[in-house]
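Everything on this sheet refers to the single structure shown next.
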C-alpha cells in the first residue's frame, strides 16, 4: 500500500485539467485576471518605449539648447526634437518670455516665467504618468481577485466531496488544484505589474528631475538674453 502526499496528488493534475475543472465563476475570475495581465503588459511595453524615446530626445535637445545662440536659436533646435518633454517645457517658458518681451521689451517678471515653466513640467509629467495607475491597480487588486477565485473553488471542491460521500484526498485534490489556478493567475498578473510600476516610476522621476533642472537653465538663458 502506498501513501501519496497532498502535494504529490496536486501535481498529478496538469494545467489543462485544472482549467477544465473550474466552474463559470472561477473561469470568469481567470478571464478577468488574464485581461488585467494582457493590458498591463501592453502598458509596460508602451511606457518603456515612450520613456526610452523621451530620454534620448531629451539628451539631444539639451545638447542643442546649450549650443544655441540665445532663445531664438533654441526655438529652431526645438522643432527638431518635438516629442521631447523638455521641448514641451521650453514651449511654455518661451511663450511667457515672448509675451513679456513684446509688452515691456525685457523679462521683468521672473516669477511668472517660473510658474509657467512649472506648469509645463506638470503637464509633461502628467503625460509620462498616463496609464501608470493601471499598473498600480493591477499589482494591488489582482492577488485578491485570484484569492477570491481560489476560496470559491475550494468551497465548491468540498461541497462536491460531501456530495460524493468520500473522504479520499484523491477525490478532492483535482478540485482544489483547479481552484488554486486562480491564485496563480493573480500572482502572474500582479508581480510583473508591481516590478515595472516601480522601475518605470523611477525613470519618470529621473525625467522630472531633468525637467526641473532644465527650467533653471532656461531662466538663466532668458535673463541673459532679455533681462533688464
- Item | Number of the condition not met by residue 15 [criteria: (1) surrounded by fewer than 18 Cβ atoms within 10 Å (Cβ to Cβ); (2) closer than 16 Å to residue 188 by Cα; (3) touching a helix residue (DSSP H, G or I) at 6+ places or on another chain (Cβ under 9 Å); (4) modelled with pLDDT of 90 or more] | (4)
- Cross-chain or 6+ apart pairs with Cβ under 7 Å, segment 117-138 first and at positive phi, then surrounded by 14 or more Cβ atoms within 10 Å (Cβ to Cβ): 131/43; 131/47
- Message: Within segment 158-181, does at least one residue satisfy the condition of being closer than 20 Å to residue 50 by Cβ, surrounded by fewer than 16 Cβ atoms within 10 Å (Cβ to Cβ) and either under 25 Å from the mean Cα position of the chain (by Cα) or modelled with pLDDT of 75 or more (or both)?
- Response: no
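The values are calculated or read from the model by the stated rules, or taken from the named source; none is laboratory data. As the structure is a computational prediction, the values presented were derived from the model and not from experiment. Glycine also receives a Cβ, built like all others from the backbone with ideal geometry; neighbour counts cover every protein chain displayed.
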